[in-house]
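A.B. asks: Here you go, one structure.
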Amino acid sequence: MKRSQADRDPRPNPRRSARLASAERRALRLAFVGTFWSCLFAAGATHAALACDEGALGTSRVLSVGTQGGLEIGLKTYPRTLPLADHEVVFTFDDGPLPATTGKLLDALKAQCVHATFFMVGRMAAAAPALARRVAEEGHTVAYHSFSHPLMRLLSEKAARADIEHGFAAVDQAVYGSAGDRPRTPFFRFPGFADTSALDAWLASRDIGVFGTDLWAADWWPMTPQAEEAAMLARLEKEKRGIILFHDIRAQTVAMMPAFLHDLKARGYHVVHLAAGPGHAETREAGPGWSSETEKVIAEILGRVGTNRN
Ligand SMILES: [Zn+2]
């Protein structure tokens, strides 16, 4: 927040306040209202930035993501994504919180003033509510990833909806101490990206956005932290930007994070933090020849092509 000239001027000047025209006061009030919300969103980043040295990666901007009428983004699954600029990345972490790993990850992010979105599993948040609260308290966005992490295509629509709703409630109860009719933040990611058209439509009717991803660390495969970091950097150098999926329950991901954040800074990348916003988010369409990578994986997992996706 910028301070006014009057705030900066240390000299007493009683005539100045008298001269402050009503138009100027109005302008100051408008400026305050305009910056109030962005300061609220960025409050965590501001505090963290104060504690960070200039060599830190930091969080360069907050992107307001509107989900009115629904939103489906992430090029691994959908033919559109967020309009990130060259060398802009979004950090997302799935499946936690887990006491053995998530706390260390939060330490690594805090050390570099990086803010991320955590797609929490309801039963994990219920089992570690203090850790779930810490995620929110440190300025990250808390989002949802179901209650028990089932592959929704193996469930009836009724059972799938119930698990998703249970996840919203369990995470909100853990993080905020109460749960209402709607999730606090309208961001959801399907376990295994295995959505269905019916569930997509239901979420859209509730103004809840569905998040896929543009890149992933493939950290469900065991590998050394060094191998994971090298592979992730190579993918990023090819794509140059995007939403990245990690799992904060994976020790190898937590172990590689300090080096990864350092190397992103060295390579000129910028971190974008997602926050829920009004309206419908702008998106960038996939290039020609796009196809869903996750559909192929899901088909392999389910052992057949043509599940109840449609
Ligand atoms: Zn997951």
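A.B. asks: Can you tell me how many residues within the stretch 135-153 are away from the ligand (no atom under 14 Å from the Cβ) and part of a loop (DSSP other than H, G, I, E, B)?
C.D. replies: 3
A.B. asks: Let me confirm something: among Glu88, Glu72, which residue is closer than 29 Å to Ala170 by Cβ, in contact with a strand residue (DSSP E or B) (Cβ under 9 Å, 6 or more places away or on another chain) and at pLDDT 95 or above?
C.D. replies: So the residue among Glu88, Glu72 that is closer than 29 Å to Ala170 by Cβ, in contact with a strand residue (DSSP E or B) (Cβ under 9 Å, 6 or more places away or on another chain) and at pLDDT 95 or above is Glu72.
A.B. asks: Still on this structure, I have one more. Tell me which of these Ser156 doesn't satisfy, since it passes every other one: (1) more than 16 Å from the ligand (Cβ to nearest atom); (2) farther than 21 Å from Ala299 by Cα; (3) out of contact with any Pro (no Cβ under 9 Å at 6 or more places or on another chain).
C.D. replies: Of the numbered conditions (1) more than 16 Å from the ligand (Cβ to nearest atom); (2) farther than 21 Å from Ala299 by Cα; (3) out of contact with any Pro (no Cβ under 9 Å at 6 or more places or on another chain), the odd one out for Ser156 is (2).
A.B. asks: Sticking with this structure for a sec: Among the candidates Ala56, Ala100, which residue alone is more than 30 Å from Ala194 (Cα to Cα) and at pLDDT 95 or above?
C.D. replies: Every option except Ala56 fails the conditions.
A.B. asks: Can you tell which of Glu138, Glu157 is acidic (Asp, Glu), within 19 Å of Phe118 (Cβ to Cβ) and out of contact with any Asp or Glu (no Cβ under 7 Å at 6 or more places or on another chain)?
C.D. replies: Glu138
A.B. asks: Return the residue satisfying two criteria in turn: it lies in the stretch 95-127 and is within 16 Å of the ligand (Cβ to nearest atom) and assigned to a loop (DSSP other than H, G, I, E, B), and of such residues it is farthest from Cys52 (Cα to Cα).
C.D. replies: Val121
A.B. asks: Give me the pairs, please: first residue somewhere in the stretch 217-229 and under 16 Å from Leu261 (Cα atoms), second residue anywhere and crowded, with 19+ Cβ neighbours inside 10 Å and of a type in the set (S, T, N, Q), beta-carbon distance under 7 Å, and either six or more positions apart or on two chains.
C.D. replies: Pairs found: Ala217/Thr253; Pro225/Gln252; Glu228/Gln252; Glu228/Thr253.
A.B. asks: Condition test on Ala179, is it away from the ligand (no atom under 16 Å from the Cβ), crowded, with 23+ Cβ neighbours inside 10 Å and free of Cβ contacts under 8 Å to residues at least 60 places away in the same chain?
C.D. replies: Considered against the rule, which asks whether it is away from the ligand (no atom under 16 Å from the Cβ), crowded, with 23+ Cβ neighbours inside 10 Å and free of Cβ contacts under 8 Å to residues at least 60 places away in the same chain, Ala179 comes out as no.
A.B. asks: Here are Phe188, Phe168: which of them is under 18 Å from the mean Cα position of the chain (by Cα) and within 13 Å of the ligand (Cβ to nearest atom)?
C.D. replies: Phe188
The values are calculated or read from the model by the stated rules, or taken from the named source; none is laboratory data. None of the values given here were measured: they were computed from a predicted structure. Neighbour counts are summed over all protein chains in view; Cβ atoms, including those assigned to glycine, are modelled from backbone coordinates with ideal geometry.
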